[in-house]
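Presented below is the structure to which this report refers.
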Amino acid sequence: MSVPISWYLLLAAALFAIGAIGALTRRNGIAIFLSIELMLNAANLTLAAYSRLLGDRAGQMVVFFVLAVAAAEAAVGLALFIGIFRLRRTIDVNRINLLRW
Amino acid sequence: MDALSLLWWIPALPFLGAAVNGLLVRNGQKGLVTFVGLAAPGASMLLGLTAIWQYATGLAPEPLRQAVYSWTVGEMSIDVAFRLDPLSAVMTFVVTVVGFLIHVYSVGYMGREEGYRRYFSFLNLFMGAMLLLVLGSNFLVMFVGWEGVGLCSYLLIGYYFDQEFPPEAGKKAFVVNRIGDFAFLVGMLALFASFGTLEFGEITERVLAAPEIAKAPYVFGLSLAGFVTLCLFIGAMGKSAQIPLYVWLPDAMAGPTPVSALIHAATMVTAGVYMVVRTNVLYQLAPEISLFVAGIGAATAIFAATIGLAQNDIKKVLAYSTVSQLGYMFLAAGVGAYVAAIFHLATHAFFKALLFLGSGSVIHAMGGEQDMQKMGGLRKHLPLTYPTYLIATLAIAGIPPLAGFFSKDEILAGAFAGHHHLIWGVGILTAGLTACYMFRSVYLTFHGSFRGSHEQEHHLHESPKVMTVPLVLLALGAVTAGWIGIPTGLWEMAGFADHNVLHHFLSPVIATLPGVDTGHHLSHSTELLLMLVSVAVALGGWLVAKRLWGGERGLAADRTFAERLPFVQRLLANKYYVDELYDRVIVRPLAGLARGCWKIVDTLLIDGALHVGAFVTELTGDLGRFSTTGNIRNYALYFFAGVLLLFWWMIF
Amino acid sequence: MELLAFVVFGLAALVSAIVVVAHRSPIHSTLSLVVTLVSTAALFLMLGSPFLAALQVLLYTGAILVLFLFVIMLLNVQRERTGAAARSPFQTWSALIAAFVLAGAVCRLLWDAHGEAVLAPLTEDFVALRNTASLLFRDYLLPFEMVGLLLLVAVVVASWVARRGGADSEEESR
Amino acid sequence: MSTSFLDLLLGDTITRFVFFPTVAGLPLLLMRRAPAATVKIYALVVSLVELALIGLFVVGRWGSTGALLARDAVLPWIDLAPLSVVYEVGLDGISLPLVLLTGLLLPIVLLGSWNGIDKHWGGYAFSMLLLTTGILGALVALDLFVFYVFWEVMLIPMYLIIGIWGAERRIYAAVKFFLFTMAGSLLMLIGILWLGWTYGRLTGVWSFRYEDLLRLELPIDQQLWLFGAFAIAFAIKVPMFPVHTWLPDAHVEAPTGGSVILAGILLKLGTYGFLRFALPLFPHAADRLTPWLLALALVGIVYGALVAWVQVDMKKLVAYSSIAHLGFVMLGIMACDLVAWQGALIQMVNHGLSTGALFLLVGMLYERRHTKKFEDFGGLAKPMPWFATVLVFSTLASVGLPALNGFVGEFMILVGTFKAGWRWFAALSTVGVVLAAIYLLKMLQQTIWGPITREENESVPDLGLREALTLAPLCVLMLWIGVAPKPFLEPSRPALAALLEDYRSRCAEPAPDEPLLAPARVSAGSPTFAAGVVDQEAGR
């Protein structure tokens, strides 16, 4: 039996919400990063589902680019964490509040 | 040589001398300083005398006007122009001659001073400005000179600038003068606004042509003439030290004595009188202001004379005497005796300059001491100074046939003839007081026995020739200057033709207005009677002085006076506490107001409002600032909330 | 059959996602993210994108997450501390509420839009890798090249930022 | 024929001397490692070349028309229909004296800052040069948009000069200066935009050209609002009474050169703005508010003088005296009389010279003694006779002693004001003349006269050659203007006469109920540019 398209979309929404909760509540910088990857993934899922629904592969292309950007983002972001860790010996975002006030 | 075409060089030469001495010559070159400092006013005097001679013999009484260049153009077109007419001729004569003699005297008096060059530079500057004042053809040039002499007065009073008091006195002189100048300026504005010109000649012509313009109501129920003359007279009050603006003149004695002689006795302080006479056409149209002038003059005359009685500083006595005599001149101008005012101005220039220079010689001999309580018996040591000082005293006291007699008598006659009997009475009383306090100074200084220290006594000596020669020459003037104005009545009684030279010479300057009665004539007998009365009063004053202070009596009379009437003595010695009064009533409240403006209005109100505004802004910013936690999760939450809001907005 | 696959992979994705978010240890989080991503890759496959599924496994799990693991181990990140000071209940609760509200609203919208609608069967044409390739290398060539450039820049920047004794530490030591 | 900006920049144009300082000053920013002397001499040379450029430009046009007029080719700047902003600059008799003064003060300021500025001399000099561009630009702008841009360009360098090279409380002063000026100029910006919009409504094209906007006839209520906006901006700059408090702080904290430029020229931009923009653009509103502005000017004269009197800081005294002097200028401008306007214009120059000299002197004293408080001085005439001479000279010029420059302006202003019928204002403002003597002589009294009370004052060195060179041109001009003001008054007369003629004729007609566009004025209308030579009798 075929799965309704909305199920995929609902699943993506759920994943997105979980990712959002993680991004907002975790203090570890890398964990926040992981949560964001989760959210990106949820978005990708949505894109793929709509691509399927509309029969247009442009959605898949977008997912491809999102993946590439996510890779670039991960590279730079993790490098930043390394840099910050060198300076402050922590990546707890509660303690990295350089922009305070 | 056509001196008349070189008219503008008369004031220019002293300016040149001042510039050369001030900017080019170095401090050490004393000979050069003396040469430049004397050559400039000397040349100016020669040129001036030649010009006056050529004018009097050739052009008189038509005024000569020489425009040098135009100062401004357009709607307000004013020339830098000079004017030689009988009035300015007399003034130029007095200023250049007395001025040059005082310059010569200064060579000796100031010889050992460190600021010799500065002194001569300023003195030349003063001569230039004074000549600008008297020769100026319009109010503007006159005002330039007017302020210029004020400036030189400021600089020269403060000549001993490294002491506390002289610069203060200079400042006071300048500021008090400025108060007068402010009125002068307003008067000029009113004149210019009404006539569109500041030329003396043009204004006089227009007023004569249409007196009703000047009589039209202007402000405060005053006519235009009244307003202008009131303003100008307030200006004159400042410059010529009349009540209530006389307070600076006694303090001005802080300057070197020749400066007091030149500026604060002979020339500058008489500028106010000159101006009133210069604008006599307007004064004649404003009888109420003229009366006011006469009243102020009379009040000043007697007021200053009483103070003069109780002063112990020889220069202060002379200073109050000057104030008093200036009061006389205004009295004359106020009652319409303009010629008499100028006459007294001229004679006064000679004998008062002589008095000051004589006192300078005394001070020189005393090694800088000015207190008469420490003098006495100096006639033995100062064989030339004493007689010249005595001549001047006789002249100022009004003993015939010296200069002061004729001029003072003419003033009193003028007052009497104008039916101003009260003013005449004040004048005659002042004449007595004048004789009294002037002889007091003679007795205390030259008679009796020496009251100073041994050191001073040892040091006593007559001044050098360069100082005594001017004394003698001025004494000559003090004796003879009155003879140019021997009253018409006397000539006629003696059966001669009228030789009242001054009167004839000056009469073209005095406007004759239809309907304004200037010709008060006294009968010869009344005139003679008045003369006798004034001579008697003068002699009476002398006798009183001799009784009180003559011979060996010294200061006994003063002590008795202080014991009997301590209150009056203190009042007089402290000059009626006018300085203190001004300080309490004007200066301090004004300073308080100024401080209030600064501390309360500026700092508290304006800046305070500003700071309140700034504080509120800062507070708002602070409140907002707390959202900037620096914690990235908070930012993420804001972002998320924003997304939700957007979402909400997009859906619904 | 498809339903079963969806339920299995969907549940796996959800559960592992929760673990990613909830676990204190970053290592565990990362590892369970692997599960999520692989599950999603399966879903991609079911949605007719074998290309994306492969890419997901190769790129995400194979490259990015390995990078994460390296960094975590490099930095030797400890578990999050759980002291009182570290907690911020307001942040946590508002995050939960916001996430649920969002999820609820989105779900509601999607449901309203699509309901129980069933997809048309997959066509050979849609799935064919050849077509995907021609799309990517012909129509999307420029973005593709630019993404390559972006990655290059990212690599350069990352290596510059993370280098030992970088600009920051120089600033620090001054 | 299309001229480019580059053509203007390289030709014998106004644009060239406006932008030359900034362009030539750019290398200063790169000379961070160069020896100090090189930087200073380079900056000085630039300033002298600038003076030569202005001088040559003016001399080249002198006498050709008698009225000295020039304008650069108009360049389109922002052309987004319906918005049309053009770059248009021109020089006439009103801006000429201030342009010349700016050119003159620039080298003097740099020379006067030779040793007083001890850090980042190059940056300081560049700020000055940039400031000069802003000032010159604002003075020659013939498009309100361009004017506004230059107006704001002036703000930044001055802010930096006070904020970086100032004294202890420099930040406070700089921020205060910035906020005051900015608040005013934003109001003005709104006014400018409103004018452009109104013009656009009437013609379909937004224009900010001065000559176009002069054709606008606005209803009285709009005029009042707009005049208010402009007047507040300019009044803050002048500064007039209630909005003056930034000035003393700015002066006290600013370095010597900054004070000289601030007092010498920047303040005049306010009065210039009244004369050039506020009055001609909104004649009816100006006419209606004249008594109020005259009253404020009068209050400024008396108030500034009184407050100056009780200051304990030499520089603050001079700063408050500026308020009083600028009050005179405002009095003259609001009197709306040709003589008064001429006086106001020459008084702007006079104040720049005499107050500039005073600030330089205070700065020299500060370099020697590191204090500006009166209590630390006294008796300085003894060790520093030349200093004392120049100080007395400048003070007297400031007091308004006849035969020195200050008197010319004051006298003409008073005559004009009196003649125009504002007798009471003229009479009362002469009180300021008296007060000027009081506070300025107090300054002399407490600095150079009297016995020396502090040991340090015994051997203060007198003026050096460089300082003498700095002051000499100012002194010469003070004397020259005072003795023979005619050549200084003549060039600006036709322009002022035309402006006054236009103002009076517009005031004579009632303001319309709806915005109207008057036909272009050919003769007297736009100040002197259209006709070239204006009939000498036009002003009467």
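The values are calculated or read from the model by the stated rules, or taken from the named source; none is laboratory data. Model, not experiment: these values are computed from the prediction. Cβ coordinates were reconstructed from backbone atoms using ideal geometry, including for glycine residues, and neighbour counts include every protein chain displayed.
This table checks each residue for (1) surrounded by fewer than 20 Cβ atoms within 10 Å (Cβ to Cβ); (2) of a type in the set (Val, Ile, Thr); (3) assigned to a helix (DSSP H, G or I).
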| position | (1), (2), (3) |
| --- | --- |
| B:Thr347 | no, yes, yes |
| B:Phe350 | no, no, yes |
| B:Leu355 | no, no, yes |
| B:Gly360 | no, no, yes |
| B:Gln373 | yes, no, yes |
| B:Ile391 | no, yes, yes |
| B:Gly404 | no, no, yes |
Test: residue in the stretch B:602-611 that is assigned to a helix (DSSP H, G or I), within 14 Å of chain A (Cβ to nearest Cβ), surrounded by 13 or more Cβ atoms within 10 Å (Cβ to Cβ) and more than 39 Å from the chain's Cα centre (by Cα):
no
Filter result for D:Leu9 (of a type outside the set (Gly, Ala, Ser), closer than 27 Å to D:Gly196 by Cα and either surrounded by 13 or more Cβ atoms within 10 Å (Cβ to Cβ) or touching a Gly at 6+ places or on another chain (Cβ under 6 Å) (or both))
no
With the condition kept exactly as written, say whether any residue in the stretch A:75-97 is of a type in the set (D, E, K, R), buried (at least 17 other Cβ atoms within 10 Å of the Cβ) and within 21 Å of A:Leu9 (Cα to Cα).
no
Based on what the data block shows, is C:Gly10 within 7 Å of chain A (Cβ to nearest Cβ) and either in a helix (DSSP H, G or I) or touching an Asp or Glu at 6+ places or on another chain (Cβ under 9 Å) (or both)?
yes
Those residues of the stretch A:74-95 which are touching a residue at least 24 places away in the same chain (Cβ under 8 Å) and more than 7 Å from chain C (Cβ to nearest Cβ) amount to A:Gly77, A:Ile84, A:Asp92, A:Val93
With the condition kept exactly as written, say whether any residue in the stretch D:201-218 is β-branched (Val, Ile, Thr) and over 20 Å from D:Pro280 (Cβ atoms).
yes
Kindly indicate which of C:Arg138, C:Arg130, C:Arg164 is at pLDDT 85 or above, exposed (fewer than 11 other Cβ atoms within 10 Å of the Cβ) and either within 9 Å of chain A (Cβ to nearest Cβ) or more than 30 Å from A:Ala75 (Cα to Cα) (or both).
C:Arg130
The stretch D:424-463 - residue that is under 25 Å from the mean Cα position of the chain (by Cα) and among the hydroxyl-bearing types (Ser, Thr, Tyr) and, of those, surrounded by the fewest Cβ atoms within 10 Å (Cβ to Cβ):
D:Thr430
Residue ID - nearest to B:Cys152 (Cα to Cα), chosen from residues in the stretch D:401-421 that are at the interface with another protein chain (Cβ under 7 Å from one of its Cβ atoms) and not hydrophobic (A, V, I, L, M, F, W, C):
D:Pro402
In the stretch A:36-66, which residues are within 19 Å of C:Phe6 (Cα to Cα) and either facing another protein chain (nearest Cβ under 7 Å) or touching a Ser or Thr at 6+ places or on another chain (Cβ under 9 Å) (or both)?
A:Leu38, A:Asn41, A:Ala42, A:Asn44, A:Leu45, A:Ala48, A:Ala49, A:Ser51, A:Arg52, A:Leu53
Only one of B:Ala193, B:Ala214, B:Ala210, B:Ala183 is at the interface with another protein chain (Cβ under 7 Å from one of its Cβ atoms) and either touching a Pro at 6+ places or on another chain (Cβ under 8 Å) or hydrophobic (A, V, I, L, M, F, W, C) (or both). Can you tell me which?
B:Ala193
Taking D:Leu471 as the residue in question, decide whether it is at pLDDT 85 or above, in a loop (DSSP other than H, G, I, E, B) and away from chain B (no Cβ under 12 Å).
no
Looking at A:Ala23, is it more than 7 Å from chain C (Cβ to nearest Cβ), within 30 Å of A:Arg89 (Cβ to Cβ) and either in contact with a Lys or Arg (Cβ under 8 Å, 6 or more places away or on another chain) or surrounded by 24 or more Cβ atoms within 10 Å (Cβ to Cβ) (or both)?
yes
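For every residue, the table says whether it meets (1) surrounded by 21 or more Cβ atoms within 10 Å (Cβ to Cβ); (2) within 14 Å of another protein chain (Cβ to nearest Cβ).
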{"site": "B:Leu23", "(1), (2)": "no, yes"}
{"site": "B:Ala56", "(1), (2)": "no, no"}
{"site": "B:Leu84", "(1), (2)": "yes, no"}
{"site": "B:Tyr105", "(1), (2)": "yes, no"}
Would you mind finding the one in B:Val175, B:Val273, B:Val259, B:Val247 that is within 27 Å of D:Ile438 (Cβ to Cβ), of a type in the set (A, V, I, L, M) and within 14 Å of chain D (Cβ to nearest Cβ)?
B:Val175
Kindly state which helices (runs of 4 or more DSSP H) lie completely within the stretch D:267-375 and contain at least 3 residues that are at negative phi and among the hydrophobic types (A, V, I, L, M, F, W, C).
D:283-309, D:314-335, D:338-369
Where the second residue is among the charged types (D, E, K, R) and the first is touching a residue at least 12 places away in the same chain (Cβ under 8 Å) and lies in the stretch D:136-150, which pairs have Cβ atoms under 6 Å and are six or more apart or on separate chains?
D:Leu142/D:Glu88; D:Asp143/D:Glu88; D:Asp143/D:Arg209
Against the conditions (1) modelled with pLDDT of 85 or more; (2) at the interface with another protein chain (Cβ under 10 Å from one of its Cβ atoms), where does D:Gly450 fall short? Just the number, please.
(1)
Examine the stretch D:223-243 for a residue that is surrounded by fewer than 24 Cβ atoms within 10 Å (Cβ to Cβ), under 27 Å from D:Pro82 (Cα atoms), in contact (Cβ under 8 Å) with a residue 24 or more places away in the chain and more than 27 Å from the chain's Cα centre (by Cα), and state whether such a residue exists.
no
Does B:Arg65 satisfy the criteria of being in a strand (DSSP E or B) and under 24 Å from B:Ile263 (Cβ atoms)?
no
Would you say B:Gly540 is in contact with a Gly (Cβ under 7 Å, 6 or more places away or on another chain), within 22 Å of B:Arg451 (Cβ to Cβ) and either assigned by TED's automatic domain parsing to the domain that holds B:Gly404 or loosely packed, with under 14 Cβ neighbours inside 10 Å (or both)?
no
Tell me whether the stretch B:125-144 contains one or more residues that are more than 10 Å from chain D (Cβ to nearest Cβ), assigned to a helix (DSSP H, G or I) and farther than 23 Å from B:Glu199 by Cα.
yes
For D:Ile41, work out the one condition from (1) under 21 Å from D:Arg61 (Cβ atoms); (2) at pLDDT 85 or above it doesn't fulfil.
(1)
Please name all residue pairs, on different chains or six or more residues apart, with Cβ atoms under 6 Å, provided the first residue is in the stretch C:56-70 and is farther than 23 Å from C:Met46 by Cα and at the interface with chain A (Cβ under 7 Å from one of its Cβ atoms) and the second residue is assigned to a helix (DSSP H, G or I) and not hydrophobic (A, V, I, L, M, F, W, C).
C:Phe68/C:Thr30
